[in-house]
Ligand SMILES: [Zn+2]
């Protein structure tokens, strides 16, 4: 474990897996469980960094593949690294590019040495390997970098999952070797390993064993947000989490709705990321304390009250919901910006409530109070709050 990073568990209750803690990084502490907004190409879409911070974010994520294509890792490095590029002084995590590469790659182009695919920019052939994924991420300069793994496209196809999981383990050996050569311990960039294994208990178990045989700063659970139903995700995660070392942060990749958070925190997850709050925001949709809102609905046209009367964000404090609907309707960028800020605020406030509830031992109670209110659809029946 690198000395530049530490994970302190603050509260766990006997007989329960949920815990709160603080993940300390060279760019500051992250109270956990924590949600990380996604800044795919070096920007949390349509939201200024200070608004991301005011919404409650402590750590954000950027996507290696997108930044490797444009502007390129060397350019990011020249510009002072991701923290400068994103104007973000807090911790940043980069994915390895594996997830995106596999969604683009012809399966036959996945070889032991790496993956060949065509650039979405100009169609030119590109290659990503465990070694180059480490080199690119270290050029980008994130605090936490992710191992290059193979994410099977069908987590129920045993043969495919077996191959991808075994390859992920061999690739982790190469990632660790290259990371140690270039960065190693105490230089400020932590490597997280990724557990695969699809929906198969025995393969997940084997994967945990292989991945945790490397003493890394943290571990992620991958391959469970690629099309399975919620039950399959819950089962895979519930089975895998308790096997991971208790004293290390556990990152559940690509998860991001209120019900997912409650499920995952209850199983002992500490970190999450998802594009949900910003993507929904750009699509005129909001998570609110009264339920899910679609501002395309005409019922909001002359609504004078705030989008969410329980929210302190600039969108809810300063605008009638009908005005935000108007901005969205006419394609003004500000509409998507306001809704993204609101959704980020909603997610981070929910996560803060979850941390308090874990500390108090009242997570189930909070779940029973919150989910029936926030998950159903909501539209107003009068024109004011
Ligand atoms: Zn709001």
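FYI, it's all coordinate maths here, none of it is from the lab. Quantities reported herein were computed from a predicted structural model and do not represent experimental measurements.
If you wrap a convex hull around the alpha carbons of segment 1-68, what volume per residue comes out, as a whole number of Å³? Please list the in-between numbers first.
Values: hull volume 8.9 nm³, N = 68.
Cα-based convex hull of segment 1-68, divided per residue, equals 130 Å³.
So how tilted is helix 230-240 from the main axis of the chain? Cα-based, degrees 0 to 90, rounded to 10.
50
Find how many whole Å separate the alpha carbon centroid of segment 145-165 from the alpha carbon centroid of segment 50-84.
Spelled out, the Cα-based centre of one part sits 27 Å from the other.
If one computes P(r) from the Cα atoms of the chain, what percent of pairs lie at distances over 39 Å? Before the final figure, lay out each step's value.
Details: 11552 of 73920 pairs.
In whole percent, the long-distance tail amounts to 16.
What do you get for Rg/Rh of segment 272-366 when both radii come from the Cα atoms and Rh is the Kirkwood radius?
Details: Rg = 14.0 Å, Rh = 13.7 Å.
With Rh from the inverse mean 1/r over Cα pairs, Rg/Rh is 1.03.
Which residue, 73, 91, 309, has the most motion in a Gaussian network model of the chain that connects Cα atoms within less than 10 Å?
The residue that fluctuates most here is 309.
Considering only 329, 343, 63, give the residue with the highest GNM mean-square fluctuation for the chain, with springs between Cα atoms whenever their separation is below 10 Å.
329
For the chain, find the longest principal axis of its Cα atoms and tell me its angle to the long axis of helix 130-140, 0 to 90°, nearest 10.
Rounded to the nearest ten degrees, it is 50.
Rounded to the nearest 10 degrees, what's the angle between the helix 363-374 long axis and the longest principal axis of the chain, both from Cα atoms, 0 to 90?
Roughly 60 degrees between the two axes.
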